[in-house]
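Read through the structure below, which is laid out as structure tokens, and then see the notes.
The values are calculated or read from the model by the stated rules, or taken from the named source; none is laboratory data. Given the structure is predicted, the values throughout are model-derived calculations rather than measurements. With ideal geometry, Cβ positions are generated from the backbone for all residues, glycine too; neighbour counts draw on all protein chains shown.
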Amino acid sequence: MLCPRCSLSETRVIETRTSEGGRVVRRRRECPSCGYRFTTYEKVEERGILWVVKKDGRRESFDRQKLLRGLMRACEKLPVPLDVLEEAASRIEALLRERESGEVLSLEVGDLAMEELRRINKVAYVRFASVYREFTDLSNFAAEIARLIEEREDKHDNH
């Protein structure tokens, strides 16, 4: 692996870890020439393109980074670690790639993202839902929050 600072071709691995449920290998590396430390990620390249069909019928290739940015935006200023969001994005992508067709509706991607956020952080879930479901007024927010409160109370009553 080339050193990003001095371009030496022989860097050494100082630590290796798996992440995203074992689907990614993270390596900390160090350049013996300049001492620069950096991180690389290794993952299997997926076969075939996964197409996302938008509401207006347009198709675009699935972009995991776009999904991750949406999750991150919903969690801004909340105590949600990045690795939790990366794992959520990986779970969503894995579910989508299991499908037979190579196409998925953008609504399905959004629904999966909302499920993940609902589990991770309720505030992030409401933020995402407000954009995704195009909340137009305060009553939409109130209805969604009431639904969350009702779910929480049902869980407490059952335990």
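May I ask you to list the residues in the stretch 98-139 that are at pLDDT 90 or above, of a type in the set (D, E) and not in a helix (DSSP H, G or I)?
Listed by number, the list holds a single entry, E103.
Which residue pairs have Cβ atoms closer than 7 Å, lie 6 or more positions apart in sequence or on different chains, and pair a first residue in the stretch 1-18 that is under 14 Å from G35 (Cβ atoms) and assigned by TED's automatic domain parsing to the domain that holds E30 with a second residue that is modelled with pLDDT under 90 and surrounded by 10 or more Cβ atoms within 10 Å (Cβ to Cβ)?
So the pair list comes out as T11/M1.
Please go through (1) surrounded by fewer than 15 Cβ atoms within 10 Å (Cβ to Cβ); (2) at pLDDT below 90; (3) of a type in the set (V, I, T) for V24 and return the number of the only condition it doesn't satisfy.
(1)
Residues in the stretch 27-38: is at least one among the polar types (S, T, N, Q) and modelled with pLDDT of 95 or more? Break it down stepwise before answering.
Restricting attention to the stretch 27-38, the residues satisfying the condition of being among the polar types (S, T, N, Q) are 33.
When the remaining residues are screened for being modelled with pLDDT of 95 or more, the result is 33.
Checked the stretch 27-38: at least one residue is among the polar types (S, T, N, Q) and modelled with pLDDT of 95 or more.
Go over the candidates S106, S61, S101 one by one and state the one that is farther than 26 Å from T18 by Cα and free of Cβ contacts under 8 Å to residues at least 12 places away in the same chain.
Details: S106 fails: free of Cβ contacts under 8 Å to residues at least 12 places away in the same chain; S61 fails: free of Cβ contacts under 8 Å to residues at least 12 places away in the same chain.
Step by step, each of S106, S61, S101 is checked, and only S101 is farther than 26 Å from T18 by Cα and free of Cβ contacts under 8 Å to residues at least 12 places away in the same chain.
Can you tell me which residue in the stretch 120-143 is surrounded by the most Cβ atoms within 10 Å (Cβ to Cβ), limited to those that are among the charged types (D, E, K, R) and without any contact (Cβ under 8 Å) to a residue 12 or more places away in the chain? Don't jump to the end; show me each part of the working.
Step one: of the stretch 120-143, the residues among the charged types (D, E, K, R) are 122, 127, 133-134, 137.
Those still in the list that are without any contact (Cβ under 8 Å) to a residue 12 or more places away in the chain too: 133-134, 137.
Working: R133: 12, E134: 8, D137: 7.
Selected residue: R133.
Can you say whether R37 is of a type in the set (D, E, K, R), more than 28 Å from A124 (Cα to Cα) and either surrounded by 11 or more Cβ atoms within 10 Å (Cβ to Cβ) or not assigned by TED's automatic domain parsing to the domain that holds L96 (or both), as far as the supplied structure shows? Walk me through how you get there before you give the answer.
Working: of a type in the set (D, E, K, R): yes; more than 28 Å from A124 (Cα to Cα): yes; either surrounded by 11 or more Cβ atoms within 10 Å (Cβ to Cβ) or not assigned by TED's automatic domain parsing to the domain that holds L96 (or both): yes.
When the stated conditions are applied, R37 passes them.
Only one residue in L71, L50, L67, L95 is within 24 Å of R26 (Cβ to Cβ), at pLDDT below 95 and either in contact with a strand residue (DSSP E or B) (Cβ under 6 Å, 6 or more places away or on another chain) or buried (at least 17 other Cβ atoms within 10 Å of the Cβ) (or both), so which one is that?
On the way: L71 fails: at pLDDT below 95; L67 fails: at pLDDT below 95; L95 fails: either in contact with a strand residue (DSSP E or B) (Cβ under 6 Å, 6 or more places away or on another chain) or buried (at least 17 other Cβ atoms within 10 Å of the Cβ) (or both).
Being within 24 Å of R26 (Cβ to Cβ), at pLDDT below 95 and either in contact with a strand residue (DSSP E or B) (Cβ under 6 Å, 6 or more places away or on another chain) or buried (at least 17 other Cβ atoms within 10 Å of the Cβ) (or both) holds for just one of L71, L50, L67, L95, which is L50.
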